[in-house]
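Peer 1: I'd like to ask you about the structure that follows.
The values are calculated or read from the model by the stated rules, or taken from the named source; none is laboratory data. This one's a predicted model, so the numbers in the text were calculated from it and none came from an experiment. Virtual Cβ from ideal backbone geometry, glycine too; neighbours counted across all protein chains shown. For accessibility, only protein heavy atoms count, side chains too; no ligands or nucleic acids. Shrake-Rupley method; radii C 1.70, N 1.55, O 1.52, S 1.80 Å.
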Amino acid sequence: MQYSNTTGSSADNAYELQSFVKNVLRQTKASKVDIVAHSMGGLSTRYYVKYLDGAQKVDDVVTLGSPHHGTNSSYFGLWTEGAREMVPGSAFLNDLNSVDETPNGSDPSAAILYTSIYSSADTVINPYTSSIINGAENIEISDVSHSGLLTDSIVRPLIKTGLEDGGRNTN
């Protein structure tokens with residue numbers, strides 16, 4: 001899915017994700033979805049799981065180059081709400097990361113498993129280690145750009161593993 005406002009608030013985008021997931025579940029008759037999210041989409045996904053009804057509807061989460069702890073690049077776009085939320089140490093990030101960075105689902109016997117895939121060559125997420133999620137399976141690769149995480153052949157099998165319960169949730 002593509003958010004209607006890609007520079008807007010991750011919280012607002014989480015509500016769009018919520019609506020999208022409801023439609024997917026209704027159409028497929030599945031009970032849960034797996035989510036692969038790129039960049040800021042990882043923040044919206046985690047917000048959806050933590051604060052909306054995603055805890056009941058998500059099985060696996062894979063993020064690609066997501067600024068879970070912010071990015072210094074956001075200072076270049078401070079006129080947008082999304083960029084302000086991604087400033088390292090922002091109130092939004094402090095709240096999202098408080099208590100548990102990998103929030104669990106409603107069923108304690110079926111934890112939501114998280115995988116964060118990120119690249120040391122990512123110049124958009126600065127520092128690139130901001131993509132590390134406490135409690136998740138964190139996978140660092142090299143020689144792949146921020147947008148390259150979406151198409152690189154090295155990344156595809158890592159995503160597949162994450163979607164096949166290869167993630168972690170140690171919190």
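Peer 1: Chymotrypsin sites (Phe, Trp or Tyr not before Pro), restricted to the range 79-154: which are DSSP loop and have at most 10 other Cβ atoms within 10 Å? Intermediate results must be reported in sequence, preceding the final value.
Peer 2: On the way: sites: W79, F92, Y114, Y118, Y128; in loops: W79.
Answer in residue order: W79.
Peer 1: Calculate one ³J(HN,Hα) per residue across the range 113-122 by plugging θ = phi - 60° into the Karplus curve 6.51 cos²θ - 1.76 cosθ + 1.60, and present them in order as whole Hz with x for glycine and proline.
Peer 2: For the range 113-122, the Karplus-derived couplings read 9, 10, 10, 10, 10, 8, 10, 5, 9, 6 Hz, x marking Gly and Pro.
Peer 1: Would you grab the residues whose amide H sits under 5 Å from the one on H38? Only those 5+ places off in sequence or on another chain, please, with H modelled 1.01 Å from N.
Peer 2: The answer is L64.
Peer 1: Further question: Apply the Karplus curve 6.51 cos²θ - 1.76 cosθ + 1.60, θ = phi - 60°, to the phi angles in the range 136-148 and return the couplings in whole Hz, x for Gly and Pro.
Peer 2: 9, 7, 9, 10, 8, 10, 9, 6, 10, 6, 4, 6, x
Peer 1: Projected area of the range 90-158, taken from the Cα convex hull and averaged over every viewing direction, in nm²? Mind showing how you got there, number by number?
Peer 2: Numbers: hull surface 22.7 nm².
For the Cα atoms of the range 90-158, the hull's average projected area reads 5.7 nm².
Peer 1: Where the centre of each part is set by its Cα atoms, how far does the range 113-171 sit from the range 5-21, in angstrom?
Peer 2: About 21 Å separates the Cα centre of the range 113-171 from the one of the range 5-21.
Peer 1: A further question follows. Can you tally the net charge around I132? Count Lys and Arg as +1, Asp and Glu as -1, for every other residue whose Cβ sits under 14 Å from the Cβ of I132. Numbers along the way, then the final one.
Peer 2: On the way: positive: R46, R168; negative: E101, D122, E137, E140.
Within the 14 Å Cβ shell, the charges total -2.
Peer 1: Would you mind estimating how fast the range 33-90 diffuses translationally, via Stokes-Einstein at 4 °C and 1.567 mPa s with the Kirkwood radius over Cα pairs, in µm²/s?
Peer 2: On the way: Rh = 11.9 Å.
The Stokes-Einstein estimate is 109 µm²/s.
Peer 1: Among DSSP beta bridges whose residues both lie in the chain, state the antiparallel percentage, nearest 5.
Peer 2: Details: 1 of 16 bridges.
That works out to approximately 5 percent antiparallel.
Peer 1: Sticking with this one: Based only on Cα atoms, what Rg/Rh ratio does the range 1-61 have, Rh being taken as Kirkwood's radius?
Peer 2: On the way: Rg = 10.7 Å, Rh = 11.4 Å.
Answer for the range 1-61: 0.94.
Peer 1: Explain nothing, just the number: relative contact order of the range 66-169, from Cα pairs under 8 Å at least 6 residues apart, as a whole percent. Working shown, then result.
Peer 2: Values: 174 pairs, mean separation 29.7, N = 104.
The value is 29 percent.
Peer 1: Would you check the accessible area of K22, probe 1.4 Å, heavy atoms only, in square angstrom rounded to 10?
Peer 2: 100 Å²
Peer 1: Suppose R0 equals 25 Å. What FRET efficiency, 1/(1 + (r/R0)^6) with r the Cβ-Cβ distance, do D165 and Q56 give to the nearest 0.05? Don't skip to the answer; put the middle values down first.
Peer 2: Values: r = 18 Å, r/R0 = 0.72.
Rounded to the nearest 0.05, the efficiency is 0.90.
Peer 1: Then there's this: So for H146, H38, H69, what's the accessible-area order with a 1.4 Å probe, most first?
Peer 2: Descending accessible area places them as H69, H38, H146.
Peer 1: Gain in length, D95 to S31, computed as 0.36 nm per residue apart minus the alpha-carbon separation, to one decimal in nm? Could the numbers behind the result be given before it?
Peer 2: Details: separation 64, 0.36 × 64 = 23.04 nm, distance 2.83 nm.
Working it through step by step, the gained length comes to 20.2 nm.
Peer 1: Could you point to the residue in G166, Q27, N104 farthest towards the positive end of the chain's charge dipole, with +1 and -1 charges on the Cβ of Lys/Arg and Asp/Glu respectively?
Peer 2: Projecting each Cα onto the dipole axis, the largest value belongs to Q27.
Peer 1: To continue, here is another question. Which residue, T71, A83, T45, has the largest displacement toward the positive end of the dipole of the chain when charges sit on each Cβ (Lys, Arg +1; Asp, Glu -1)?
Peer 2: It is T45.
Peer 1: Counting only residues 5 or more places away or on other chains, whose amide H sits under 5 Å from the amide H of H68 once H atoms are built in the peptide plane?
Peer 2: S131
Peer 1: If you count only protein heavy atoms with a 1.4 Å probe, what accessible area per residue comes out for the range 21-171, rounded to a whole Å²?
Peer 2: Details: 6900 Å² over 151 residues.
With all protein chains present, the range 21-171 gives 46 Å² per residue.
Peer 1: Suppose every K and R has +1 on its Cβ and every D and E has -1 on its Cβ; what is the size of the dipole of the chain about the Cα centre, in Debye to the nearest 20?
Peer 2: Using Cβ point charges on Lys, Arg, Asp and Glu, the chain gives about 380 debye.
Peer 1: Sorted from largest down, what three extents in whole angstroms do the Cα atoms of the chain have along their principal axes?
Peer 2: Here the Cα extents, ordered largest to smallest, are 42, 32, 30 Å.
Peer 1: A further question on this structure: Whose amide H sits under 5 Å from the amide H of I141, counting only residues 5 or more places off or on another chain, with H placed in the peptide plane?
Peer 2: Y118, S119, S120
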